[in-house]
């Protein structure tokens, strides 16, 4: 079974500072990885995804993540954060599961990291 | 753009009531999911559906049931709400790997 560990439950930073949110996963098969963001009282929005190809993935709002197969990590980074980046961030790994004779992508989520950007 | 909508943003129900949470997607996706989100636990899968009238249990199905009579609509049912079902409920849909989420329903059971 797949699992995802987000190493920090809360990350406080000052505006314009760089930030890294850490994510480690376990998977025995091909890996598909996602970062989602949840702003207060909203649903989850996809930030970026790794399906194949380049290990450096760029997403929305200036975020990027690097897939490291040897370290089984998919850390999220931003070189300079804004107050508006304050949100909860979820790392997720997709596994192929079967139901009713068809395959679908089942997501396993980490526990979430609350990023708070201070002025 | 994919749009997933949920019938209510906030809901307050009494213990023992039957509760319906509705989810609608407009992208003809095969798969739909119901999650609950609790602080420190991330998102946990309650049920999912891979076709009309087809469903599978997720990781925490106890106390819940689902209905999918039309492809675009997936309902979560709490037969007899309990206080430990107070939570944020998120619906999602997908064609394959990437899931698209609705805005969530914050349910309080008193």
In the range B:21-65, how many are part of a loop (DSSP other than H, G, I, E, B), within 11 Å of chain A (Cβ to nearest Cβ) and either in contact with a helix residue (DSSP H, G or I) (Cβ under 7 Å, 6 or more places away or on another chain) or closer than 13 Å to residue B:92 by Cα (or both)? 2
Qualifying position, being within 15 Å of the chain's Cα centre (by Cα) and either surrounded by 15 or more Cβ atoms within 10 Å (Cβ to Cβ) or touching a residue at least 12 places away in the same chain (Cβ under 8 Å) (or both), among B:105, B:83, B:15, B:110: B:105
Got a number for residues in the range B:83-110 being farther than 16 Å from residue B:37 by Cα, part of a loop (DSSP other than H, G, I, E, B) and more than 10 Å from chain A (Cβ to nearest Cβ)? 1
Only one residue in B:3, B:70 is loosely packed, with under 15 Cβ neighbours inside 10 Å and farther than 29 Å from residue A:35 by Cβ, so which one is that? B:70
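Residues of the range A:60-119 being within 14 Å of another protein chain (Cβ to nearest Cβ), over 10 Å from the mean Cα position of the chain (by Cα) and part of a loop (DSSP other than H, G, I, E, B), which ones? Don't jump to the end; show me each part of the working.
Step one: of the range A:60-119, the residues within 14 Å of another protein chain (Cβ to nearest Cβ) are A:60, A:87-114.
Among the residues that remain, those that are also over 10 Å from the mean Cα position of the chain (by Cα) are: A:60, A:87-88, A:94-108, A:111, A:114.
The answer is A:100, A:101, A:111.
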Could we say that residue A:53 is more than 8 Å from every other protein chain (Cβ to nearest Cβ), at positive phi and surrounded by 13 or more Cβ atoms within 10 Å (Cβ to Cβ) here? no
Going residue by residue through the range A:23-32, is there one that turns out to be within 10 Å of chain B (Cβ to nearest Cβ), surrounded by 14 or more Cβ atoms within 10 Å (Cβ to Cβ), touching a strand residue (DSSP E or B) at 6+ places or on another chain (Cβ under 6 Å) and modelled with pLDDT under 95? yes
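The values are calculated or read from the model by the stated rules, or taken from the named source; none is laboratory data. For clarity, every value in this text was computed on a predicted model and none was experimentally measured. Every residue, glycine as well, gets a Cβ built from its backbone with ideal geometry; the counts of neighbours run over all protein chains shown.
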